[in-house]
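The values are calculated or read from the model by the stated rules, or taken from the named source; none is laboratory data. As the structure is a prediction and not an experimental result, all values here were calculated from the model. Every residue, glycine as well, gets a Cβ built from its backbone with ideal geometry; the counts of neighbours run over all protein chains shown. The area values use the complete protein model at the heavy-atom level, side chains included, leaving out ligands, DNA and RNA. Shrake-Rupley method; radii C 1.70, N 1.55, O 1.52, S 1.80 Å.
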Amino acid sequence: MIIDLPTLMIAGSFVAATSGVFLIFAWSQNRESRAMLWWAAANLLLAMAVPLMATSDDSFGWPSQIAAISLLNLSPALVWAAARSSNGRHANRTVIAGGVLLWLLAMALPGFRASYHGQTFLNLAVVAAYLFAAAVEFWRGRAERLGSRWPLIVLLSTHGVVFAIGAAQAALGNLPASENVLTASWFGFLLFEALVFVIGTAIFIVAIDRERSGLRQKILASVDELTGVASRRAFFDAAETLLESCQAERLPFSLIVFDLDRFKDINDTHGHMAGDTVLEVFGDCVRDMIRTGDVVGRPGGEEFAVAMPAAGAATAYVAAERIRIAFAERCRRLGTLRVSPTVSAGVTTARFNASLDSLFADADRALYRAKQLGRDRVEVDGNRPAGEPLFADLPTTARVA
């Protein structure tokens, strides 16, 4: 059976729209997962772009085609943004808009407007670049053991390869400007493959969220009631798993140990209610500041710890400094507290085959040095992995802090 191109494109538009609505519904069940919202927007833009591309009515003309291709370039950019968000990373708006801006600038050139193959090459190449970048983002987060991550990487990479092949064919002038498409043609294959991509990625991005929520629930099965962070047992179990995963993948792993300064004095002078408030504020502060995939726990008393997979000493140092400064600022805003608590921290990064116990010993040693040097500071253990620069990748402001 022969299926024409517009029919396939309209079917693809319907599937993309349905997937977008499905993802919005899934996001409404867990509004912390912004990745699903980014991905829903990508599918809805695709659903709007495809009918514009399929339209052959002369009343639409070039403005319709320009709008369609702009949406097609923006859709994979939002997929990349979703991948960044899934890993707890910020998506730069300039990068998101970069593909569309490049397309519009190119359309200002008369020679480009007259070149079908030039337009097709640029469009397909931009889409492929965003898809490969999204696959790389999911790969970067592999220290977080989520089985649903790998099908997404495969789907994104495969989709990117299909567009890259199309871009190469356009560059060689082998894509005809118009055709009654057979299902065996490149365009027909792209549309069938795109249906699998849209459906599959919608399923697996939701699966990642469900899987991550399940892991969190498992960790939070033993939660410190006062601070809302993981209890000692839950934290040690989770940190041990993350450490083993990072060692298997040959990724860095860092541990931060915090200790509230002169906490006994706060309890003795202002009462245990004030002490509990300080602990609550610090627990909230740490949970707000850490990355997706990091684990925070309360080993006991006024001591807290953060396990940071895929993070070197410099990254952990910056995180600890941000938490230290944010905690002091939040406590200053608590007018009823009448205390100005501070926190000291020790940072260490795992050496090859290091155990969690040895990491705690190293972090405690750095913490003890922070206390000796006047408190309210972050110190890094000197036994970090050989050859790892401590401050090479830190901004000047962080070094000063």
>> Looking at the stretch 137-157 only, could you name the residues that are closer than 19 Å to residue 91 by Cα, open to solvent by 50 Å² or more (accessible area, probe 1.4 Å) and of a type outside the set (D, E, K, R)?
In response: 139
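Between 286, 281, which is hydrophobic (A, V, I, L, M, F, W, C) and under 21 Å from residue 380 (Cβ atoms)?
286
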>> Can you tell me which of (1) open to solvent by less than 40 Å² (accessible area, probe 1.4 Å); (2) more than 18 Å from residue 206 (Cβ to Cβ); (3) over 12 Å from the mean Cα position of the chain (by Cα) is the one residue 101 doesn't meet?
In response: (1)
>> Checking residue 234 against (1) modelled with pLDDT under 90; (2) open to solvent by 40 Å² or more (accessible area, probe 1.4 Å), only one condition comes out false. Which one?
In response: (2)
>> buried (at least 21 other Cβ atoms within 10 Å of the Cβ), among the hydrophobic types (A, V, I, L, M, F, W, C) and closer than 28 Å to residue 38 by Cα: which single residue out of 278, 295 fits that description?
In response: 295
>> Under 6 Å between Cβ atoms, which residue pairs at least 6 apart in sequence (or on different chains) link something in the stretch 1-23 that is under 23 Å from residue 204 (Cβ atoms) with a partner that is open to solvent by 50 Å² or more (accessible area, probe 1.4 Å) and modelled with pLDDT of 75 or more?
In response: 20/44
>> For the stretch 298-332, give me each residue that is open to solvent by 10 Å² or more (accessible area, probe 1.4 Å), among the small types (Gly, Ala, Ser) and in contact (Cβ under 8 Å) with a residue 60 or more places away in the chain.
In response: 300, 310, 312, 319
> Quick check, is residue 266 part of a helix (DSSP H, G or I), touching a helix residue (DSSP H, G or I) at 6+ places or on another chain (Cβ under 9 Å) and open to solvent by less than 20 Å² (accessible area, probe 1.4 Å)?
Replying inline: yes
>> Would you confirm, using the coordinates I've provided, whether residue 193 is modelled with pLDDT under 90 and of a type in the set (D, E, K, R)?
In response: yes
